[in-house]
Amino acid sequence: MNPALPEALSGLAEIASALLLLLGLVFWFAGSWPLLGRGSYLTKLHYLGISDTLGSALMLMGLLLRFQREWPLLLLALLSLVVWNTIFGYVLAACSQTARRFPPRS
């Protein structure tokens, strides 16, 4: 067995981890940019929610490559993040549409 092989894989994992962390930060900042523009608050929150979830997921995957012994905790955090942000988006959309769903009282 080649002893240099695990070192090469470790170096590759470090590079991939750094790239995922950096890409996650890019998504965080890119999602915050539309908040400064004009448009409805739901559109702004939609962009922010998608980029925040994707950026955080990429950062958690980068941390998973860096701290491999903590994979159960990081995997639970990733699953919770995706589920929580999805549910929160649906609740926010449903709450903003309440006045339109029910007919006015006579």
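The values are calculated or read from the model by the stated rules, or taken from the named source; none is laboratory data. This structure is a prediction, so every number in the text was calculated from the model and none was measured. Every residue, glycine among them, receives a Cβ derived from its backbone with ideal geometry; neighbour counts consider all protein chains shown.
Which of the following residues is without any contact (Cβ under 8 Å) to a residue 60 or more places away in the chain, closer than 24 Å to Val91 by Cβ and out of contact with any Cys (no Cβ under 8 Å at 6 or more places or on another chain): Phe27, Phe67?
Working: Phe67 fails: closer than 24 Å to Val91 by Cβ.
Going through Phe27, Phe67 in turn, the sole match is Phe27.
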Checklist outcome for this item: In region 10-21, anything hydrophobic (A, V, I, L, M, F, W, C) and surrounded by 13 or more Cβ atoms within 10 Å (Cβ to Cβ) is listed as Ala13, Ala16, Ala18, Leu19, Leu20, Leu21
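Within region 27-41, can you find the residues that are exposed (fewer than 13 other Cβ atoms within 10 Å of the Cβ) and out of contact with any Lys or Arg (no Cβ under 6 Å at 6 or more places or on another chain)?
As a first pass, look at region 27-41 and keep what is exposed (fewer than 13 other Cβ atoms within 10 Å of the Cβ): 29, 33, 35-41.
Those that are exposed (fewer than 13 other Cβ atoms within 10 Å of the Cβ) and out of contact with any Lys or Arg (no Cβ under 6 Å at 6 or more places or on another chain): Phe29, Trp33, Leu36, Gly37, Arg38, Gly39, Ser40, Tyr41.
Per-residue answers, yes or no, for (1) touching a helix residue (DSSP H, G or I) at 6+ places or on another chain (Cβ under 9 Å); (2) at pLDDT below 90; (3) in a helix (DSSP H, G or I); (4) surrounded by 15 or more Cβ atoms within 10 Å (Cβ to Cβ):
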{"residue": "Leu45", "(1), (2), (3), (4)": "yes, yes, yes, yes"}
{"residue": "Ile50", "(1), (2), (3), (4)": "yes, yes, yes, no"}
{"residue": "Ser56", "(1), (2), (3), (4)": "yes, no, yes, yes"}
{"residue": "Leu64", "(1), (2), (3), (4)": "yes, no, yes, yes"}
{"residue": "Arg69", "(1), (2), (3), (4)": "no, yes, yes, no"}
{"residue": "Ser80", "(1), (2), (3), (4)": "no, no, yes, no"}
{"residue": "Ala93", "(1), (2), (3), (4)": "yes, yes, yes, no"}
{"residue": "Pro103", "(1), (2), (3), (4)": "no, yes, no, no"}
